[in-house]
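Colleague: Encoded as structure tokens, here's the structure I'll be asking about.
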């Protein structure tokens with residue numbers, strides 16, 4: 001009896017997908033795209049050889065699951081970009097509308113609550129995976145010659161990631177984000193000699209206002225993604241050139 005119920009459930013799910021998704025049409029589109037890539041376009045750009053060379057690059061035998069944290073961090077960064085774009089379609093970066101737009105996303109937009117939660121949790125997991133990745137690199141001695149520049153690029157990426165989190169925290173414009181940003185900027189303002197100037201630049205004035213929100217939003221969605229892309233490209237190119245570091 002239980003097996004029949006499961007069979008009926010799977011049948012209903014299968015029929016639901018068949019009614020809404022034409023699998024054969026998707027396969028035809030995919031084959032057309034790959035056919036274009038591997039025929040006319042490939043004649044001009046040698047895409048097939050480049051892809052095969054990248055996919056067939058041998059992986060050293062000492063590589064284990066601990067080497068996966070860098071890839072996990074990059075995957076979570078891609079998730080951040082995707083969900084961030086969807087959130088930006090509805091978010092309004094102004095003191096009068098920021099909080100209301102977040103409430104609209106959470107309560108009115110279809111699956112908006114899910115997209116926002118995925119964005120928030122993937123940000124936390126990204127920072128965690130990044131620290132595990134850097135700990136692995138440090139304890140394996142992968143920062144030593146000839147990979148010093150790659151380690152420096154990774155340090156910059158760590159600060160960029162933390163700045164992503166800090167600037168994004170203010171965007172909901174609620175009491176928690178307001179006072180957390182107040183504390184964070186006050187800490188920066190405590191730096192000797194130049195702290196008050198840093199505080200003024202971060203806030204756009206003496207206090208946290210709409211100017212602060214505008215600056216944080218600009219950094220979060222425009223400046224930092226491009227800076228991160230540059231350092232990620234440099235990071236990946238050096239890994240590709242130098243290869244994966246050796247065992248302990």
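Colleague: Scan segment 189-211 and tell me whether some residue there is under 25 Å from residue 66 (Cα atoms) and either within 19 Å of the chain's Cα centre (by Cα) or part of a helix (DSSP H, G or I) (or both).
Modeller: no
Colleague: Another question, if that's okay. Identify, from the list 199, 232, 213, 224, the residue that is over 23 Å from residue 92 (Cα atoms), surrounded by 15 or more Cβ atoms within 10 Å (Cβ to Cβ) and at pLDDT 95 or above.
Modeller: Selected residue: 232, the only one of 199, 232, 213, 224 that is over 23 Å from residue 92 (Cα atoms), surrounded by 15 or more Cβ atoms within 10 Å (Cβ to Cβ) and at pLDDT 95 or above.
Colleague: Could we say that residue 192 is more than 30 Å from residue 63 (Cα to Cα) and either buried (at least 17 other Cβ atoms within 10 Å of the Cβ) or at pLDDT 95 or above (or both) here?
Modeller: Judged against the criteria, residue 192 is not a match.
Colleague: So, one more: In the list 131, 164, which residue meets the criterion of being surrounded by 13 or more Cβ atoms within 10 Å (Cβ to Cβ) and under 21 Å from residue 212 (Cβ atoms)?
Modeller: Among 131, 164, only 164 is surrounded by 13 or more Cβ atoms within 10 Å (Cβ to Cβ) and under 21 Å from residue 212 (Cβ atoms).
Colleague: Restricting attention to segment 226-240, which residues are touching a residue at least 24 places away in the same chain (Cβ under 8 Å) and over 11 Å from residue 157 (Cα atoms)?
Modeller: 238, 239
The values are calculated or read from the model by the stated rules, or taken from the named source; none is laboratory data. Everything numeric here is computed off the predicted structure, so don't read it as measured data. Counting neighbours? That spans all protein chains shown, and the Cβs are built from the backbone with ideal geometry, glycine included.
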